[in-house]
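The values are calculated or read from the model by the stated rules, or taken from the named source; none is laboratory data. Remember, it's a predicted structure, so these values are computed and weren't measured experimentally. For neighbour counting, all protein chains shown are included, and Cβ atoms are generated from backbone atoms with ideal geometry for every residue, glycine included. Note: areas computed on protein heavy atoms with side chains; ligands, DNA, RNA excluded. Shrake-Rupley method; radii C 1.70, N 1.55, O 1.52, S 1.80 Å.
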Amino acid sequence: MLHLQPVPGPDERPEAYAEAISRLASVRHALRLVDPFGGGPASDADGDPTIACAWDEASEAKRRWFDNRSARLVGATAAGVEALLDERQNGREPHALASQELIDQIRRELAQVSRVILG
């Protein structure tokens, strides 16, 4: 007698979810480079069941919105960190208020991007 068990099909969620978490983790890492003593946000979302559940239940529109917002955040963070590094490479210490503003902006944007999925 032949018994067939269904073979699970490919699941898109792990790939999309991994990309989402990877983007946020890269921004958190950049934040820690700019503000090494501040430690950035409390923790990375990797493996957080709340985020995983919210991601599973998020509409396609929310996921696209997240993709757009997080892509802009990654680009803006890279540009800000690059500007600070450029100052240091040219022998100038970046202005403390400019550095703090970049740190604050990254934190605000991280919170807003996370709320796209969680909120």
Filter the stretch 72-119 down to residues that are within 27 Å of K62 (Cβ to Cβ) and hydroxyl-bearing (S, T, Y) and give me whichever is most open to solvent (accessible area, probe 1.4 Å). S114
Counting only residues that are touching a residue at least 12 places away in the same chain (Cβ under 8 Å) and over 14 Å from L33 (Cα atoms), which one in the stretch 75-110 is farthest from the chain's Cα centre (by Cα)? A98
Quick one: count up the residues across the stretch 62-71 that are open to solvent by 60 Å² or more (accessible area, probe 1.4 Å) and hydrophobic (A, V, I, L, M, F, W, C). 1
Could we say that P36 is modelled with pLDDT under 75, farther than 29 Å from E101 by Cβ, out of contact with any Asp or Glu (no Cβ under 6 Å at 6 or more places or on another chain) and surrounded by fewer than 14 Cβ atoms within 10 Å (Cβ to Cβ) here? no
Taking interchain pairs and intrachain pairs at least six residues apart, which have beta carbon atoms under 7 angstrom, with the first residue in the stretch 54-70 and modelled with pLDDT of 85 or more and the second open to solvent by 90 Å² or more (accessible area, probe 1.4 Å)? none
From the list P41, P49, exactly one residue is open to solvent by less than 70 Å² (accessible area, probe 1.4 Å) and either at pLDDT below 80 or more than 17 Å from R115 (Cβ to Cβ) (or both). Which is it? P41
Qualifying positions in the stretch 64-113 - over 18 Å from V27 (Cα atoms) and part of a helix (DSSP H, G or I): R64, D86, E87, R88, Q89, A96, L97
